[in-house]
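Working notes for the structure below.
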């Protein structure tokens with residue numbers, strides 16, 4: 001099938017694109033820049049120039065293809081609410097374009113902040129409605145489409161989708177450690193993060209799109225929960241820096257706006273996803289990747305290159 005992929009030049013989207021092509025599918029990838037377009041052509045994909053704020057382009061991509069995978073997101077944490085609004089509008093635009101066609105549509109969402117802290121989040125947990133405190137609306141926008149008769153699959157990703165070229169949360173932690181001369185965790189550091197290697201996440205997307213149209217929720221989480229203390233220690237070892245426990249004002253000063261994520265206790269289950277899709281993660285774990293995938297190199301390898 002031909003699949004329209006938003007975010008096709010991003011860290012996750014580029015892995016999804018490669019996985020689809022390697023398994024006999026054709027990809028029409030959304031690209032903002034000439035450089036992004038060149039990367040897609042090199043991977044064997046077709047290119048649709050545009051971005052998430054161009055509804056006419058999103059409609060064109062959805063109409064030209066047999067299925068849609070939406071991995072695009074504007075990662076501007078300084079204007080997070082605005083980025084979330086763009087995401088919601090893009091999901092609604094694509095949904096309207098495929099209404100009545102029964103084309104498979106996968107929306108990417110996050111696992112962070114779901115469920116009751118400390119209790120494993122399963123696929124049947126409903127994400128809360130977006131709020132001013134956390135305005136991301138991917139989950140709720142996808143469910144709204146399903147309620148309108150446009151079956152939409154949700155693929156939830158952990159806070160760490162890792163691998164060579166990652167520019168997400170772990171590189172942010174590494175940058176904090178470099179700037180402050182120490183790697184840190186909060187309190188005892190027993191709070192856990194789920195994680196998945198980017199190649200395993202890409203395979204989950206491919207298996208889900210091959211299932212056809214549906215309104216299911218999947219968790220692409222290979223590791224149910226890694227103690228944040230161990231993540232901080234792996235970073236400290238890689239940078240040859242001390243690893244310390246921080247609380248109160250020291251923790252706020254070290255992590256800043258990231259403190260909520262650094263304190264997050266988010267065990268996750270992907271048992272149902274693995275059974276439903278026949279998905280078996282095979283990539284390296286997060287701690288191994290921090291040590292061996294170039295995370296602490298002076299010049300990390302950029303995504304897609």
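The values are calculated or read from the model by the stated rules, or taken from the named source; none is laboratory data. Because the structure is a prediction, the values reported are computed rather than measured. Backbone-built Cβ (ideal geometry, glycine too); neighbour counts: all protein chains shown.
Number of residues in region 217-243 that are in a loop (DSSP other than H, G, I, E, B) and either touching a helix residue (DSSP H, G or I) at 6+ places or on another chain (Cβ under 9 Å) or buried (at least 23 other Cβ atoms within 10 Å of the Cβ) (or both): the value is 5.
Scanning for something surrounded by fewer than 20 Cβ atoms within 10 Å (Cβ to Cβ) and within 20 Å of the chain's Cα centre (by Cα), does region 244-257 turn up at least one residue? Within region 244-257 (the criterion being surrounded by fewer than 20 Cβ atoms within 10 Å (Cβ to Cβ) and within 20 Å of the chain's Cα centre (by Cα)), the answer is yes, since at least one residue qualifies.
Quick check on residue 87: is it closer than 15 Å to residue 69 by Cα, under 17 Å from the mean Cα position of the chain (by Cα) and either modelled with pLDDT under 95 or buried (at least 19 other Cβ atoms within 10 Å of the Cβ) (or both)? Steps first, please.
Details: closer than 15 Å to residue 69 by Cα: yes; under 17 Å from the mean Cα position of the chain (by Cα): yes; either modelled with pLDDT under 95 or buried (at least 19 other Cβ atoms within 10 Å of the Cβ) (or both): yes.
Judged against the criteria, residue 87 is a match.
For the structure I just gave you, tell me whether residue 27 is in the same structural domain as residue 142 (by TED's automatic domain parsing), surrounded by fewer than 17 Cβ atoms within 10 Å (Cβ to Cβ), under 22 Å from residue 165 (Cα atoms) and modelled with pLDDT of 95 or more.
On the way: in the same structural domain as residue 142 (by TED's automatic domain parsing): yes; surrounded by fewer than 17 Cβ atoms within 10 Å (Cβ to Cβ): no; under 22 Å from residue 165 (Cα atoms): yes; modelled with pLDDT of 95 or more: yes.
Judged against the criteria, residue 27 is not a match.
Taken over region 115-144, residues that are more than 14 Å from residue 91 (Cβ to Cβ) and not in a loop (DSSP other than H, G, I, E, B) amount to 1.
Scanning region 55-67 for residues that are crowded, with 17+ Cβ neighbours inside 10 Å and closer than 11 Å to residue 90 by Cβ gives 57, 58, 61, 62. State whether one or more residues within region 271-278 are farther than 18 Å from residue 167 by Cβ, within 18 Å of the chain's Cα centre (by Cα), modelled with pLDDT of 95 or more and part of a loop (DSSP other than H, G, I, E, B). Scanning region 271-278 turns up no residue that is farther than 18 Å from residue 167 by Cβ, within 18 Å of the chain's Cα centre (by Cα), modelled with pLDDT of 95 or more and part of a loop (DSSP other than H, G, I, E, B).
With the structure loaded, tell me whether residue 294 is over 26 Å from residue 121 (Cα atoms) and either part of a loop (DSSP other than H, G, I, E, B) or in contact (Cβ under 8 Å) with a residue 60 or more places away in the chain (or both) or whether it fails that test. Yes: the conditions hold for residue 294.
Look at residue 75 and say whether it is surrounded by fewer than 18 Cβ atoms within 10 Å (Cβ to Cβ) and under 15 Å from residue 13 (Cα atoms). Criteria met by residue 75.
Considered as a group, the residues in region 75-95 that are assigned to a helix (DSSP H, G or I) and free of Cβ contacts under 8 Å to residues at least 24 places away in the same chain include one that is farthest from residue 60 (Cα to Cα), and that residue is 78.
Among the residues of region 32-39, not a single one is surrounded by 24 or more Cβ atoms within 10 Å (Cβ to Cβ) and in contact with a strand residue (DSSP E or B) (Cβ under 8 Å, 6 or more places away or on another chain). For region 199-216, the criterion of being in a strand (DSSP E or B), closer than 26 Å to residue 68 by Cβ and in contact (Cβ under 8 Å) with a residue 40 or more places away in the chain is satisfied by no residue at all.
The residues of region 170-198 that are in contact with a strand residue (DSSP E or B) (Cβ under 6 Å, 6 or more places away or on another chain) and part of a helix (DSSP H, G or I), listed by number, are 170, 177, 198. Residue check: residue 200 meets all listed conditions (1) within 15 Å of the chain's Cα centre (by Cα); (2) closer than 26 Å to residue 85 by Cα; (3) in the same structural domain as residue 77 (by TED's automatic domain parsing) but one, namely (2).
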